[in-house]
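A.B. asks: One structure follows; several queries about it will come next.
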Amino acid sequence: MAIIKRYHTTAMKTYNTACPRNCYSTCSFKVIVENNKIKKIEPQALNKSTPEGICLKGLSYLERANSNERILYPLQKIKGEFIQISWDKALSIISEKLNYFKSKYGSHSVLFYAASGMSGLLNEVSYNFWRLYGGTTTVYGNLCWPAGLEATRLTLGENKHNVPWDLENAELIVLWGKNPAESNIHEMIPIEKAQRKGAKLVVINPRRTPSSERADMLIQPIPGTDAILALATAKIIIQKNYHDKEFIQNYVFGFDKFVKSLEKINIQGASKECGVPVSFIEKLAEYIGNIKPMTLIAGYGMQRYTNGGQTTRALLALSVITGNIGKKGACWHYANLQSYVFDTVKEPESYYPKKEKDEPFRRAIPTALLGEKMLEIKNPKLKMAWVERGNPITQNPDSKQTLKAFKKLEYIVVVEQFMTDTAMEADIILPAKNMFEQSDIIGSYWNPYVQLKQKVIEPAGEVKPETEIYYLLAKKLGFNEKEIKNNIPEPKDTAIENWLNKYLKKYSNLSLEKLKKQPVLAPGLEEIAFADMKFKTPSGKIELYSEQAVKIWNVNPLPSYEILQEGQKGKQKPFPLSLMSPNTKNRIHSQFGNLKSIKALDPYPVVIISAKDAKLRGIKENDKVRVFNKRGEIFIKAKLDYSIRPGNVVIVNGYWNKEGGSPNLLSKGRETDMGHGTAFHDNMVEIEKI
């Protein structure tokens, strides 16, 4: 008699979820699970912003979730090597260190550093834990977007824009410093639909990108001079009588002063300053002044210069004086925070709020100056660091200083999925959850949906979600049971759902059950932002003239062009090349690059240099070169490009030092003119053939 073997298998299940990475799109997608393994990823068409599915990075979640390089157990560094230890031992060591440093030096001898590696409401639990600990040294500001956030807030009162699909209604689309074909691929769908209806596309970028291949006009200014280009364009618009007088009369504050400030702008001089021919500036003014409705989409790169906030205000002025605010197809696209419905302050990075006297987080340092300030601060000095959701040794400016600061610490704990540059410096690594191992609620700074990132599998190995780590550590430290219960959810799924429901119960159209089925448009969404022409500014109007700009940031109350601290008019010799470090379509900053599927496309960093600059230096394609300045050096291969503006070179950000080097080995820690942003791009270098 034949014996029939029967194997128990779990039926495939399909879940709706969303990507929690620091990316414009925040794509919705479906994930198919079998036997606690991610098997397949498919599009979720119910999100009108991301209907065609996720990008290459999203597709690589299949590999990322199942990678054999993932950290699955607590690791302790012993004599330079990482050894697997038990959770009990790891938490015992960490609690002993936390108690020791707090008792001897005070709780602010510990640095709590959290970045934007994974978004979600549960991130609040981290701060709750450290508040119970008594406070720590934290960081303020942001590596990404705050100069532009603050510039927009000063001008319009808040950060919101029309829904992404409204782009189809535009007759003119200006991509100023943005390359959505690589950094926001779903935005190209409505752009191309608008073009098929006859819309014009203008791209303004020192680089020729995949986005500019679709353009009717490409303008390539000198990096850091976008403000003078915008102000010259504004002057021509007003001189030619293209501006919208009725809109300005009704809704704009400070226009006359703005016009007066433009008197000092000489069009020929501006052309020389930004490196754009007068004929191009005139054509841009003609387009913006006469083709309506216009949507101007500003990228985040320009506001990562020391003049970034004022540059953003100058660009935004073009939308304002032509009346392209609050209408279908007419919009300023920078950041849309309408889905951040659970945030009491929607622009938390815009300024460092004054803390109340009883606030335990009494000391914070700027993230733009992380390494420098870690080394400087005293009373108490930093002794220990806890890092989660970030890789500061790679991603923060002045990597050498940052690395030096971390090496001076007595103890480091890193919560991480992979062995990053920062994790390599840890004394203990705690394995972090991936996006499929715990439910959370996320918003987006581009699409208008509130979404549920569902738990679809049990954590791999001995991985514990950060909320559980904090719960167990709070118990080890002997925190008050009532305070633990009020601030940290218990380590079980029902407790997490109850925690999330605390936020959802404020809104009748939001529930976990509904969010499990589909993304939900944010409560109170304005599909056309500012359609009511109400602006949360001191004057109640759009403010070209901003007294807040002077009071808070000590900058010109009007949009102005300010010379970079290091750049075109700075000390060029002996470093004459402007280094840009944009994003690449294959990584989200320093995430995803360690995966085999991504390495096959991007195996190592290269420096992109114009053929003209390469010839001057005797450099040929694929030559090994030294990229350097007084802060550091990188040895990588050169890639010649005939379309990049001479005088500029590119090394995309996100490469780990062990892959060949991050461009932040060359950058200096500087803050932007407003918002406490990070001015990565004030960065001059030289290149020589090895």
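The values are calculated or read from the model by the stated rules, or taken from the named source; none is laboratory data. Given the structure is predicted, the values throughout are model-derived calculations rather than measurements. Here the Cβ positions follow ideal geometry from the backbone for every residue, glycine too, while neighbour counts run over all protein chains shown.
A.B. asks: Just one of 205, 250, 169 is closer than 28 Å to residue 538 by Cβ and among the polar types (S, T, N, Q); which is it?
C.D. replies: Values: 205 fails: closer than 28 Å to residue 538 by Cβ; 169 fails: closer than 28 Å to residue 538 by Cβ.
Step by step, each of 205, 250, 169 is checked, and only 250 is closer than 28 Å to residue 538 by Cβ and among the polar types (S, T, N, Q).
A.B. asks: Right, another one. Quick one: which residue in 422, 394 is modelled with pLDDT of 95 or more and touching a helix residue (DSSP H, G or I) at 6+ places or on another chain (Cβ under 8 Å)? Walk me through how you get there before you give the answer.
C.D. replies: On the way: 394 fails: modelled with pLDDT of 95 or more.
It is 422.
A.B. asks: Follow-up question, since we're still on this one. Across region 243-262, what is the number of residues that are assigned to a helix (DSSP H, G or I), touching a residue at least 24 places away in the same chain (Cβ under 8 Å) and not hydroxyl-bearing (Ser, Thr, Tyr)?
C.D. replies: Filtering region 243-262 down to residues assigned to a helix (DSSP H, G or I) leaves 245-251, 255-262.
When the remaining residues are screened for being touching a residue at least 24 places away in the same chain (Cβ under 8 Å), the result is 246-248, 250-251, 255, 257-258, 261-262.
Imposing the further condition that a residue be not hydroxyl-bearing (Ser, Thr, Tyr) reduces the set to 246-248, 250, 255, 257-258, 262.
Number of matching residues: 8.
A.B. asks: For region 414-438, enumerate the residues that are within 15 Å of residue 80 (Cα to Cα), surrounded by fewer than 23 Cβ atoms within 10 Å (Cβ to Cβ) and over 23 Å from the mean Cα position of the chain (by Cα).
C.D. replies: Answer for region 414-438, where residues must be within 15 Å of residue 80 (Cα to Cα), surrounded by fewer than 23 Cβ atoms within 10 Å (Cβ to Cβ) and over 23 Å from the mean Cα position of the chain (by Cα): 424, 425, 427, 428.
A.B. asks: Let me ask another. Determine whether region 222-233 contains at least one residue that is hydroxyl-bearing (Ser, Thr, Tyr) and either modelled with pLDDT under 95 or crowded, with 22+ Cβ neighbours inside 10 Å (or both).
C.D. replies: If we filter region 222-233 for residues that are hydroxyl-bearing (Ser, Thr, Tyr), which is where we start, we get 225, 233.
If we keep only those that are either modelled with pLDDT under 95 or crowded, with 22+ Cβ neighbours inside 10 Å (or both) too, we end up with 225, 233.
Yes: region 222-233 contains one or more residues that are hydroxyl-bearing (Ser, Thr, Tyr) and either modelled with pLDDT under 95 or crowded, with 22+ Cβ neighbours inside 10 Å (or both).
A.B. asks: Continuing with this model, one more query. So, of the residues in region 439-470 that are touching a helix residue (DSSP H, G or I) at 6+ places or on another chain (Cβ under 7 Å) and aromatic (Phe, Trp, Tyr), which turns out to be nearest to residue 47 (Cα to Cα)?
C.D. replies: Here the residue is 446.
A.B. asks: Within region 375-419, take every residue that is among the acidic types (Asp, Glu) and not in a helix (DSSP H, G or I) and give me the one that is farthest from residue 365 (Cα to Cα).
C.D. replies: In the first step, residues of region 375-419 are kept if they are among the acidic types (Asp, Glu); the result is 376, 388, 398, 410, 416.
Restricting the remaining residues to those that are not in a helix (DSSP H, G or I) gives 388, 398, 410, 416.
Numbers: 388: 17, 398: 15, 410: 19, 416: 23 Å.
Among those residues, the one meeting the criterion is 416.
A.B. asks: Scan region 283-290 and tell me whether some residue there is in the same structural domain as residue 173 (by TED's automatic domain parsing), over 12 Å from residue 232 (Cβ atoms), surrounded by 18 or more Cβ atoms within 10 Å (Cβ to Cβ) and polar (S, T, N, Q).
C.D. replies: no
A.B. asks: Any residue at all in region 102-110 that is exposed (fewer than 14 other Cβ atoms within 10 Å of the Cβ) and more than 29 Å from the chain's Cα centre (by Cα)?
C.D. replies: First, the residues of region 102-110 that are exposed (fewer than 14 other Cβ atoms within 10 Å of the Cβ): 103-104.
Subset that is more than 29 Å from the chain's Cα centre (by Cα): 103-104.
Scanning region 102-110 turns up at least one residue that is exposed (fewer than 14 other Cβ atoms within 10 Å of the Cβ) and more than 29 Å from the chain's Cα centre (by Cα).
A.B. asks: Got a number for residues in region 671-690 being crowded, with 24+ Cβ neighbours inside 10 Å, closer than 20 Å to residue 400 by Cβ and either of a type outside the set (A, V, I, L, M) or free of Cβ contacts under 8 Å to residues at least 24 places away in the same chain (or both)?
C.D. replies: Of the residues in region 671-690, 5 are crowded, with 24+ Cβ neighbours inside 10 Å, closer than 20 Å to residue 400 by Cβ and either of a type outside the set (A, V, I, L, M) or free of Cβ contacts under 8 Å to residues at least 24 places away in the same chain (or both).
A.B. asks: Next question, about the same structure. Only helices (runs of 4 or more DSSP H) wholly contained in region 426-504 count here; list those with 2 or more residues that are assigned by TED's automatic domain parsing to the domain that holds residue 390 and either touching a Ser or Thr at 6+ places or on another chain (Cβ under 8 Å) or of a type in the set (Val, Ile, Thr) (or both). Before the answer, list the steps.
C.D. replies: On the way: elements: 466-476, 481-487, 493-504.
Those helices (runs of 4 or more DSSP H) span 466-476, 493-504.
A.B. asks: Give the residue, chosen from 198, 224, 157, that is small (Gly, Ala, Ser), in contact with a Lys or Arg (Cβ under 7 Å, 6 or more places away or on another chain) and assigned by TED's automatic domain parsing to the domain that holds residue 328.
C.D. replies: Values: 198 fails: in contact with a Lys or Arg (Cβ under 7 Å, 6 or more places away or on another chain); 224 fails: in contact with a Lys or Arg (Cβ under 7 Å, 6 or more places away or on another chain).
Matching residue, one of 198, 224, 157: 157.
A.B. asks: Moving on to the next point. Could you list, in sequence order, the residues of region 459-504 that are farther than 21 Å from residue 430 by Cα and either hydroxyl-bearing (Ser, Thr, Tyr) or touching a strand residue (DSSP E or B) at 6+ places or on another chain (Cβ under 9 Å) (or both)?
C.D. replies: 494, 500, 503, 504
A.B. asks: Separate question: May I ask you to verify whether residue 664 is within 25 Å of residue 612 (Cβ to Cβ) and surrounded by 19 or more Cβ atoms within 10 Å (Cβ to Cβ)?
C.D. replies: No; evaluated as a whole, the condition is false for this residue.
A.B. asks: When the residues of region 71-96 are filtered to those that are crowded, with 19+ Cβ neighbours inside 10 Å and of a type outside the set (A, V, I, L, M), which remaining residue is farthest from residue 28 (Cα to Cα)? Spell out the reasoning first.
C.D. replies: We begin by selecting, within region 71-96, every residue crowded, with 19+ Cβ neighbours inside 10 Å; these are 71, 74-75, 82, 90-91, 94.
From the residues that got through so far, the ones that are of a type outside the set (A, V, I, L, M) too are 74, 82.
On the way: 74: 32, 82: 37 Å.
Checking each candidate, the answer is 82.
A.B. asks: Identify, from the list 514, 482, 475, the residue that is surrounded by 14 or more Cβ atoms within 10 Å (Cβ to Cβ) and over 30 Å from residue 333 (Cα atoms).
C.D. replies: Working: 514 fails: over 30 Å from residue 333 (Cα atoms); 482 fails: surrounded by 14 or more Cβ atoms within 10 Å (Cβ to Cβ).
After ruling out the rest, the residue left standing is 475.
A.B. asks: So which residues in region 61-89 are of a type in the set (A, V, I, L, M) and part of a helix (DSSP H, G or I)?
C.D. replies: Residues of region 61-89 of a type in the set (A, V, I, L, M): 62, 65, 71-72, 75, 78, 83, 85.
Once the filter is applied, which keeps residues that are of a type in the set (A, V, I, L, M) and part of a helix (DSSP H, G or I), region 61-89 yields 62, 65.
A.B. asks: Of all residues in region 371-409, which are more than 18 Å from residue 658 (Cβ to Cβ) and under 17 Å from the mean Cα position of the chain (by Cα)?
C.D. replies: Going residue by residue through region 371-409, those that are more than 18 Å from residue 658 (Cβ to Cβ) are 371-386, 388-389, 397-398, 401, 405, 408-409.
388, 389, 397, listed by residue number.
A.B. asks: I've got another one for you. In region 445-468, which residue that is in contact with an Asp or Glu (Cβ under 9 Å, 6 or more places away or on another chain) and acidic (Asp, Glu) is farthest from residue 48 (Cα to Cα)?
C.D. replies: Result: 468.
A.B. asks: If residue 635 passes every condition in (1) under 25 Å from the mean Cα position of the chain (by Cα); (2) over 23 Å from residue 58 (Cβ atoms); (3) surrounded by fewer than 16 Cβ atoms within 10 Å (Cβ to Cβ); (4) not small (Gly, Ala, Ser) but one, which one does it miss?
C.D. replies: Among (1) under 25 Å from the mean Cα position of the chain (by Cα); (2) over 23 Å from residue 58 (Cβ atoms); (3) surrounded by fewer than 16 Cβ atoms within 10 Å (Cβ to Cβ); (4) not small (Gly, Ala, Ser), the lone unmet condition for residue 635 is (1).
A.B. asks: Name every residue in region 212-249 that is at positive phi and of a type outside the set (S, T, N, Q), in order of residue number.
C.D. replies: If the condition is that a residue be at positive phi and of a type outside the set (S, T, N, Q), then 224 is the only one that fits.
A.B. asks: Going through region 670-682 one residue at a time, which ones are closer than 17 Å to residue 224 by Cα and either touching a helix residue (DSSP H, G or I) at 6+ places or on another chain (Cβ under 8 Å) or part of a strand (DSSP E or B) (or both)? Break it down stepwise before answering.
C.D. replies: Here is the first cut: in region 670-682, the ones closer than 17 Å to residue 224 by Cα are 670-674, 677-682.
Listed by number, the residues that qualify are 670, 671, 672, 673, 674, 677, 678, 679, 680, 681.
A.B. asks: Still on this structure, I have one more. Out of curiosity, is residue 493 within 28 Å of residue 40 (Cβ to Cβ) and in contact with a helix residue (DSSP H, G or I) (Cβ under 8 Å, 6 or more places away or on another chain)? Talk me through it step by step, then tell me what you get.
C.D. replies: Numbers: within 28 Å of residue 40 (Cβ to Cβ): yes; in contact with a helix residue (DSSP H, G or I) (Cβ under 8 Å, 6 or more places away or on another chain): no.
Taking the combined requirement at face value, the residue does not satisfy it.
A.B. asks: Conditions: (1) within 30 Å of residue 680 (Cα to Cα); (2) under 25 Å from the mean Cα position of the chain (by Cα). Residue 551 meets all but one. Number of the miss?
C.D. replies: That leaves (2) as the condition not met.
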